[in-house]
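First up is the structure itself, then whatever we jot down about it.
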Amino acid sequence: MLNFDWANGISTDTAKGIIIGLFFVIGVAVLFLPKKYIYAGVEEPHWYHNLKLWAITALVIIACTYLYF
Amino acid sequence: MLMGIDYFIIIAYMIGMMGLGYYFKKFITSSDDYFIAGKSLPFWAIAMSLIVSDIGAVDFVGTAGQAYRYGIVVANFDWLGSVPGMIIAAFIFIPFYWRSGIYTIPEYLGRRYNQWAQLIASITWILFYTFGLGVTFWASGVMLNTLMGWPVWLSIVITGIVVGFYTVSGGLSAVVMTDVVQMIIMFIGGGAMVFLGMNHVGGWEGLVDKVGAMGDQFSNHFELVLPSDTDTPYPWTGILFGLTFVMANAYWIGNQSIVQRCLAAKSEWHAKASLLLGAVLKMFIPVLIIFPGLIAVVTNPGLENGDQAVPMLIRNFIPPGLLGLLFAAFFAALMSTIDSTLNSTATLWTNDIYRKYIKKDVSDKHYLKTGKVTTIVILVLAMMTSPITDTFPGIYVAIQTLLSFFQGPIFAVILLGMLWKRTTQWGGLFGLTGGIILSLLLYLFKESIFTIKDPFLYVSWWSFVGALIITYFI
């Protein structure tokens, strides 16, 4: 158990799918964050203050990287 | 061999850092200014500082060496092992810390659990930071000695004087703003080395083809995900459970030098944005520290020690002028690590120990002075004790390993304390100490318990699980 022997039967393609699934789950969770929380601390909000865009950008870059490799 | 132009660039860099740090002296009038920059820092400066502090001078050589041996899988530490953790920290934990107005992570543990949890966490961090600084000084000095031929003591003394000067003068503001310049220098110097190396091997496609043609030993060099029964230290299970779920979160959520920068943000939005910009910048770090190792597989096959990869690239491809810039980049990586650790250790001592147990309720000026004096004392102590490293070979790795023992337990205690109201004060204390003891036991008996080489990722996962269970049940 301590060596994760149960995972020996899982292919690396499936493992990659799990990792990309994790990025997807985090992305969905970010999209559900309330607007007020995202803009907390901003006096005059503009589109570029929307931190959801920032997080999704980072997630798209990393997901593409894991798809490529 | 360094030429006159190279020395000029290195000296200009050192003087520039001291000048920039000294400029921020005029903004330091209180302990708040010194430790958390008076909560005035913009997101872009914090983001760049977070990224550059995470890379030490030794990483330039050591990580490239790992990439030479194991391939691009090492990039997981900057990608999967950072980006999700930074996003989670940005949206859940950092806003909580920022609003609570704390200075240190142990201070949070003290408020949530009890003073013992705060004391144990503070003393542990102070001891390891101070001793770790000495080891970092020596390891970097030895590396620069190999690359430049400078005596080890010269690199240590020069770095100590420059870093000490600007850290004491300008506090966290100076640390962060010099880090910004250091990151730019690091990207230009390291980027130039990669550009020249890639050009030599025929670009990305040439690199992949040539490495692929070198035999079975290199067949996984462009695989980010390795099977769970791989004989390398990086099976996907270890990367996902140990690195992504525990070590990455512990680092971005529970590491004092990281959190302290975010606490210095001018608003909650800037604190969150700093980590998100950092996550994007993090994606480019492997280009600087991993690609040199992959390039060296083609240009210098058959090296017995992967750590020779970067010195070989420097010897083969870097012209005078650029060499000075590259060494300035090495110094930048070293200084950004040293300055962050120094400022964080001074903050831990002044706020968690001195203000709480030694001298309560004195003027703020007194705590400001204490912070500055502590910075100097720790720096001198680290420089004086650094030669001990030479007596104990392998101590650099040992210190890094010991530090990793705390990651899982501290993250477990922070996580439960924040998300589960029924966590008790003694649960937190025993979870922390029990988790650290479990890490030690797992590491001591690693050969009879684990099947992979150097199972630090598994140790980190199971110590986290152990600490979580202890904290839950007590």
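The values are calculated or read from the model by the stated rules, or taken from the named source; none is laboratory data. On a predicted model such as this, the values are computed, not experimentally measured, just so you know. Positions of Cβ are generated from backbone atoms using ideal geometry, with glycine treated the same way; all protein chains shown enter the neighbour counts. Side chains included, ligands, DNA and RNA excluded: accessible areas come from the protein's heavy atoms. Shrake-Rupley method; radii C 1.70, N 1.55, O 1.52, S 1.80 Å.
Here is how the numbers come out for the structure above:
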quantity: Computed helical MRE - 222 nm, the protein assembly as shown, DSSP H runs ≥ 4 contributing -39500 (n - 2.57), nearest 500; calculated: -23000 deg cm²/dmol
quantity: Relative contact order (%) - criterion: Cα under 8 Å, at least six apart; region: chain B; calculated: 32
quantity: B:Lys360 accessible area, 1.4 Å probe, all protein chains in place, Å² to nearest 10; calculated: 130
quantity: Inter-centroid distance (Cα atoms) of the stretch B:247-315 relative to the stretch B:446-470, Å; calculated: 24
quantity: Listing of the stretch B:272-318 residues, each with accessible area lower by at least 30 Å² in the full protein assembly than in the chain alone (probe 1.4 Å); calculated: B:Lys272, B:Leu276, B:Val280, B:Met283
quantity: Lys, Arg +1 and Asp, Glu -1 on Cβ, resulting dipole of chain A about Cα centre, debye, nearest 20; calculated: 140
quantity: Rounded accessible area of B:Trp349 (nearest 10 Å², 1.4 Å probe); calculated: 90
quantity: Prolate/oblate/rounded call for the stretch B:208-339, Cα gyration tensor, a/c under 1.5 rounded; calculated: oblate
quantity: Three-way shape call for the protein assembly as shown based on the alpha-carbon gyration tensor, with the a/c threshold at 1.5; calculated: rounded
quantity: The stretch B:41-176 - charge dipole about Cα centre, Lys and Arg +1 at Cβ, Asp and Glu -1, debye rounded to 20; calculated: 240
quantity: FRET efficiency for B:Glu304 and A:His49, using Cβ-Cβ distance with R0 set to 51 Å, rounded to 0.05; calculated: 0.45
quantity: Nearest-10 value in Å² for the accessible area of B:Ser228, using the 1.4 Å probe; calculated: 10
quantity: Global geometry of chain A, whether rounded, prolate or oblate, following the gyration tensor of its Cα atoms and the 1.5 cut on a/c; calculated: prolate
quantity: Accessible-area order (highest first, 1.4 angstrom probe) of the listed residues B:Arg69, B:Arg112, B:Arg261; calculated: B:Arg69, B:Arg112, B:Arg261
quantity: Of B:Met86, B:Thr423, B:Leu133, farthest towards positive along the dipole that unit charges on Lys, Arg, Asp, Glu beta carbons give chain B; calculated: B:Thr423
quantity: Given charges at beta-carbon only (K, R positive; D, E negative), |dipole| of the protein assembly as shown in Debye; calculated: 1840
quantity: Local electrostatic count, A:Ala7, Cβ distance below 14 Å [Lys/Arg +1, Asp/Glu -1]; calculated: -2
quantity: Heavy-atom surface of the stretch B:15-94, accessible at 1.4 Å and reported per residue (Å²); calculated: 28
quantity: Shielding score for A:4-15, defined as the mean number of other chain Cβ atoms within 10 Å; calculated: 5
quantity: Listed residues B:Glu447, B:Glu205, B:Glu223 arranged by accessible area, highest first, probe 1.4 Å; calculated: B:Glu447, B:Glu205, B:Glu223
quantity: Mean separation of Cα contacts under 8 Å (6+ apart) over length of chain A, as relative contact order %; calculated: 39
quantity: Extension gain, B:Ala213 back to B:Ile474 (0.36 nm per residue minus Cα-Cα distance, nm); calculated: 88.3 nm
quantity: Extension gain from B:Leu2 to B:Val380, taking 0.36 nm per residue of separation minus the Cα-Cα distance; calculated: 133.2 nm
quantity: Partners for B:Lys25 among aspartates and glutamates (Cα-Cα distance below 15 Å; same-chain residues under 8 apart left out); calculated: B:Asp33
quantity: Distance from chain A to the stretch B:116-136 (C-alpha centre basis), Å; calculated: 33
quantity: Neighbourhood charge, 13 Å Cβ-Cβ cut-off, centred on B:Ile289 and excluding it, Lys, Arg +1 and Asp, Glu -1; calculated: -3
quantity: Whole-percent carbon and sulfur share, accessible surface of the protein assembly as shown, 1.4 Å; calculated: 67
quantity: Net charge of neighbours whose Cβ lies under 13 Å from the Cβ of A:Val42, counting Lys and Arg as +1 and Asp and Glu as -1; calculated: +1
quantity: Exceeding the 31 Å Cα-Cα cut-off - candidates A:Lys52/B:Lys453; B:Lys39/B:Lys359; A:Lys35/B:Lys266; A:Lys52/B:Lys421; calculated: A:Lys52/B:Lys453
quantity: For residues of A:47-58, the mean tally of beta carbons on other chains within 10 Å; calculated: 5
quantity: The stretch B:343-379-the stretch B:34-67 distance, computed between alpha-carbon centres (Å); calculated: 24
quantity: Charge-dipole axis of chain B as Lys and Arg at +1 and Asp and Glu at -1 on Cβ define it, positive-most pick from B:Tyr68, B:Asn351, B:Ile474; calculated: B:Asn351
